[in-house]
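No value in this document is a laboratory result; all are computed from the given coordinates. Note that the structure is predicted; figures quoted are calculated from it, not measured. Glycine gets a Cβ as well: all are built from the backbone with ideal geometry, and neighbour counts include every protein chain shown.
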């Protein structure tokens, strides 16, 4: 019975994704010929058309990638791929006294590696063909390989022990193993948030203190007005990989770090950078970061509790192509759950996007109150142009996939807070 339910859910999710992709392509293409009226004086037609072409190319690649992911999932489950991997590992370890835990860890790692290898050609094409075609790629092949090796080593050093702990709890902690696993997961998440900016991020990028004293004074004044303590303001060499610009916060309490991409600083003026920073500060002052963290912890608790129940159901294994008596039962359950669950949760995406968009509006309102809406509008228009973000996404596609409001709606909200003379500047 669950096999039919799974196939129906998979078919519907793939069908909806293709339908949304087609809507997005047709909608963007239909509005390619002219810049929306609100942006006509500030966005060149060539930039608008570049954004349309870039958006369409990305959607087309994502659709192809989604097809391969769906095929991989069917092969892994109903066509016996997971069972075959387990049998292959059993043959590999035959004659050796290997603990079940080690076999389970090996099975999970093999599936993750297989999935990563499937994604690798798409990553290469996206970086060196699609991004390069639109002038965004700054990464060399050597840097791509170095990043891949570093990320793989970090995943092995951090991810494998975490998988091992969870599986050990599943095997020996009783019926409440999922609660103990959740506690471990929460601790892991907090540890990553603490260690990422000082140990992991510097392995990939250089972070240097902001040297522009005029801009630094402006930022310090903003932080003082907002009552925000930060350990430092840093500039990241994002330009060695991409022409896209961004800014972000990371950390807890007074240890929070403010990071600007060098590409962002090169493009925006001082008041515009201040406005972008005020928007990010708005997420903290409106407790969005804490709310998202609590939501993440809550959903992971519900998910692990559901997994705890599913591990006891024979149909969960049988109907997904695996023998319920398989020796690596818990490792199989872990793989099945995390690869199958997205099939059933995809249709909930608009709910998550809606909450995220509400946060973006609130952060924009905070920024407008602190620095004025005009500078934030100017900064956003530049970022839309520089990042080739389409001004005319299909509303339904955007509702599923975009965590930020469409440009026209976002600027319209800010226009209500901006002086009249700045609304067309």
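Mean projected area of the convex hull spanned by the Cα atoms of segment 142-230, taken over all viewing directions: 8.9 nm². For segment 331-425, the calculated P(r), taken from all Cα-Cα distances in 5 Å bins from zero up to the bin holding the longest distance, is 2, 12, 18, 19, 15, 10, 7, 5, 5, 3, 1, 1, 0 percent.
Considering segment 237-321, its Cα convex hull presents a mean projected area of 9.5 nm².
The calculated pair-distance distribution of segment 60-200 uses every alpha carbon pair, bins of 10 angstrom beginning at 0, and gives 9, 26, 34, 24, 6, 1 percent. Shown here are the Rg and Dmax of the Cα trace of segment 195-251, at 12.7, 34 Å.
Any chance you could check the Cα centroid distance between segment 220-289 and segment 328-363 for me, in angstrom? When both Cα centres are located, 28 Å separates them. Here the spin labels are modelled as points 7 Å beyond Cα on the Cα-Cβ line, and at residue 144 and residue 349 they lie 2.5 nm apart. Quick check: the angle from helix 141-154's long axis to the longest principal axis of the chain, C-alpha only, nearest 10 degrees? Orientation of helix 141-154: about 50 degrees from the principal axis. Dimensions of segment 157-204 along the principal axes, based on C-alpha atoms and rounded to the nearest Å, stand at 40, 17, 8, largest first. Taking other Cβ atoms within 10 Å as a rough exposure proxy, 394, 119, 386 sort from fewest to most as 119, 386, 394. In terms of other Cβ atoms within 10 Å, 170, 1, 139 run from fewest to most in the order 1, 139, 170.
Once the Cα atoms are used to define both axes, helix 2-30 deviates from the longest principal axis of the chain by about 20 degrees. Among 229, 407, 51, which one shows the highest mean-square fluctuation when the chain is modelled as a Gaussian network with alpha-carbon springs under 10 Å? Fluctuation is largest for 229. Which angle from 0 to 90°, rounded to the nearest 10, does the C-alpha axis of helix 373-386 make with the longest principal axis of the chain? Roughly 60 degrees, rounded to the nearest 10.
Divided by 2.2 N^0.38 Å, where N counts the residues, the Cα radius of gyration of segment 370-421 comes to 1.20.
Comparing the chain with the 2.2 N^0.38 Å rule of thumb, its C-alpha radius of gyration ratio is 1.09 (two decimals). When each of 404, 279 is scored by the number of other beta-carbon atoms lying within 10 Å, the sequence from fewest to most is 404, 279.
For segment 1-88, how big is Rg over Rh, using alpha carbon atoms and the Kirkwood form of Rh? Checking Rg against Rh, the ratio lands at 1.24.
Each part reduced to its alpha carbon centroid, segment 1-50 and segment 133-172 end up 30 Å apart. Using only Cα coordinates, the Kirkwood hydrodynamic radius of segment 194-350 works out to 19.1 Å. DSSP bridge analysis restricted to the chain gives an antiparallel fraction near 60%, rounded to the nearest 5.
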